[in-house]
Amino acid sequence: MVQKAKILLVDDRPENLLALEAILSALDQTLVRAASGEEALKALLTDDFAVILLDVQMPGMDGFETAAHIKRRDRTRDIPIIFLTAINHGPHHTFRGYAAGAVDYISKPFDPWVLRAKVSVFVDLWVKNCQLREQASMLRAQLDRAEGPSGVIGELSTRLAAVEESADALTKQVEEGGDAAATATARHLERKLTGLRRALEALDPGNGKPPASPDEP
């Protein structure tokens, strides 16, 4: 059973957090509240999140400063951040958001369907990454035991094929949606899957292929 993804909601206004929870509850994932940038950073010390919805205007540490801290940490730098703002911003303000590390920038009031769809894409990508890590962990565990490597690799190859098929379908979905950030993340996931596939092929004593060079694309 796949673990539920955690989604971090950061806003200093309780009514905004309540609205976000109402919109995203249909995704059936774990929603975590943070009422400030400081609270968000504390939550990120202990939990892994699929995506962060971050309000720009907050007292004390604003969204831009919070995002900068998130991107400086090795543990959290790759978590997608969606900025939410009530500011009637121009190109310069939007550029500042992307420069701070946001993958998307949504103005309030936003369309609930659009926000839910965008968050859903990053949840799906998080799930695929979890499946990839599980396959890699299984490979290490099986090879550490004294079982025949060919049979183990064959089973893992079959399981990996299912993940590859799902990832391919997800990439096509986000490409059709025209979301550049989600498409880039999906392609990054596919590159990881390709690397794992090559590792399996290199470990299979019966495939007759030499191990791939580290410089090989």
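The values are calculated or read from the model by the stated rules, or taken from the named source; none is laboratory data. None of these values were measured; they are calculated from a predicted model. When we count neighbours, we look across all protein chains shown, and the Cβ atoms used for this are built from the backbone with ideal geometry, even at glycine.
So which residues in the range 34-47 are touching a residue at least 12 places away in the same chain (Cβ under 8 Å), in a helix (DSSP H, G or I) and not aliphatic (A, V, I, L, M)? Within the range 34-47, 37, 38, 39 meet the criteria. When residues in the range 14-52 are screened for being touching a helix residue (DSSP H, G or I) at 6+ places or on another chain (Cβ under 7 Å) and farther than 16 Å from residue 118 by Cα, 7 of them pass. Evaluate the range 98-108: report whether one residue or more is assigned to a helix (DSSP H, G or I) and modelled with pLDDT under 80. Within the range 98-108 (the criterion being assigned to a helix (DSSP H, G or I) and modelled with pLDDT under 80), the answer is yes, since at least one residue qualifies. Being out of contact with any Phe, Trp or Tyr (no Cβ under 7 Å at 6 or more places or on another chain), basic (Lys, Arg), over 19 Å from residue 123 (Cα atoms) and free of Cβ contacts under 8 Å to residues at least 24 places away in the same chain holds for only one residue in 198, 159, and it is 198. Which numbered condition trips up residue 3, out of (1) assigned to a helix (DSSP H, G or I); (2) exposed (fewer than 14 other Cβ atoms within 10 Å of the Cβ)? For residue 3, the failing item is (1).
Conditions tested, residue by residue: (1) over 24 Å from residue 117 (Cβ atoms); (2) assigned to a helix (DSSP H, G or I); (3) charged (D, E, K, R); (4) not assigned by TED's automatic domain parsing to the domain that holds residue 130.
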residue	(1), (2), (3), (4)
166	no, yes, no, no
175	no, yes, yes, no
181	no, yes, no, no
184	no, yes, no, no
190	no, yes, yes, no
199	yes, yes, no, no
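The single condition from (1) surrounded by 13 or more Cβ atoms within 10 Å (Cβ to Cβ); (2) under 22 Å from residue 70 (Cβ atoms); (3) at pLDDT 75 or above; (4) of a type in the set (Lys, Arg) that residue 116 fails is (2).
Can residue 126 be described as buried (at least 18 other Cβ atoms within 10 Å of the Cβ) and at pLDDT 85 or above? Answer is yes for this residue. Looking only at the range 21-57, residues that are among the β-branched types (Val, Ile, Thr) and farther than 19 Å from residue 123 by Cβ come to 2 in all. Does the range 39-51 hold any residues that are more than 16 Å from the chain's Cα centre (by Cα) and either closer than 28 Å to residue 189 by Cα or loosely packed, with under 15 Cβ neighbours inside 10 Å (or both), and which are they? Once the filter is applied, which keeps residues that are more than 16 Å from the chain's Cα centre (by Cα) and either closer than 28 Å to residue 189 by Cα or loosely packed, with under 15 Cβ neighbours inside 10 Å (or both), the range 39-51 yields 40, 41, 42, 43, 45, 46.
If we keep just the residues of the range 57-77 that are β-branched (Val, Ile, Thr) and more than 14 Å from residue 11 (Cα to Cα), which is surrounded by the fewest Cβ atoms within 10 Å (Cβ to Cβ)? Once the filter is applied, the top-ranked residue is 76. On the basis of being modelled with pLDDT of 80 or more, surrounded by 14 or more Cβ atoms within 10 Å (Cβ to Cβ) and either on the phi < 0 side of the Ramachandran plot or not basic (Lys, Arg) (or both), does residue 193 make the cut? In short, yes.
Taking first residues from the range 8-20 that are farther than 18 Å from residue 120 by Cα and partners that are outside any helix (DSSP H, G or I) and of a type in the set (D, E, K, R), the Cβ contacts under 9 Å between residues at least 6 apart in sequence or on separate chains come to 11/33; 11/55; 12/55; 13/55; 14/33; 16/55; 16/108. May I ask you to verify whether residue 142 is over 15 Å from the mean Cα position of the chain (by Cα), among the polar types (S, T, N, Q) and modelled with pLDDT under 80? Judged against the criteria, residue 142 is a match. The residue list 31, 54, 20 contains one member that is surrounded by 21 or more Cβ atoms within 10 Å (Cβ to Cβ) and not in a helix (DSSP H, G or I), which is 54.
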